[in-house]
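First up is the structure itself, then whatever we jot down about it.
What follows is calculated from the coordinates using simple rules that are stated; it is not laboratory data. Remember, predicted model here, so these are calculated numbers, not experimental data. Quick reminder, even Gly has a Cβ in these numbers, built from the backbone with ideal geometry, and neighbours come from all protein chains shown.
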Amino acid sequence: MRKIKIDDRVENFKELSRLGIDEIVYQRSREKGIDVMIAIDIINGALNNKYDTAILLSSDTDLVPAIDFVRNNYNKRIEYIGFSMPKTEEFEETRPTKRLIYATDLQRVLVVSDIKNFVLD
């Protein structure tokens, strides 16, 4: 769950302020079917020779069969980028997936200090 303070950038700011509302609480929901779309992209790209190395930014182990298929049948390389982030008020702890580490050709793990300068507060 995330809380954000509202200010004059928020639509109807004055009306919300008049009602005593000074923050909005929301929870991000997870998108469904993304793993299937990524798997299709990995396979379709290999079939059409669109890449030599695919860079995967997902820790979903449901992608391993697609990864194995393109590595074994199309000689494609897969680079896995995982995230290692501590639990915060907003997000659950994130760790790289060992199964994807073993299934891919190259692996990189990003920690908070790697991406901190690129994330807006």
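Count Lys and Arg as plus one, Asp and Glu as minus one, and take only other residues whose Cβ is under 10 Å from that of ARG108; the net charge is then -2.
Computed over the chain, the range of Cα coordinates on each principal axis works out to 63, 29, 22 Å, biggest value leading. Per-residue 3J(HN,Hα) values for the stretch 76-91, derived from phi via the Karplus relation 6.51 cos²θ - 1.76 cosθ + 1.60 with θ = phi - 60°, read 8, 9, 10, 9, 9, 10, x, 10, 10, 10, x, 5, 10, 4, 8, 10 Hz in sequence order (x marks Gly and Pro). Entry note, the chain: relative contact order of 20 percent, from Cα contacts under 8 Å with a spacing of 6+ residues. When the pairs LYS50/LYS87; LYS5/LYS87; LYS14/LYS87; LYS5/LYS116; LYS3/LYS116; LYS87/LYS116 are compared against a 25 Å limit on Cα-Cα distance, LYS50/LYS87; LYS14/LYS87 fall above it.
Positive-end ranking of ILE34, ASN75, SER17 along the dipole of the chain, with charges on Cβ about the Cα centre, is headed by ASN75.
Any idea what angle helix 64-74 forms with the longest principal axis of the chain, computed on alpha-carbon atoms, 0 to 90 degrees, nearest 10? Relative to the chain, helix 64-74 is tipped by roughly 40 degrees. Each Lys and Arg contributes +1 and each Asp and Glu -1, all at the Cβ; summed about the Cα centre of the chain, the dipole is approximately 240 debye.
Sorting 83-89, 98-104, 43-49 by their mean Cβ neighbour count within 10 Å, with the most densely packed peptide first, gives 98-104, 43-49, 83-89.
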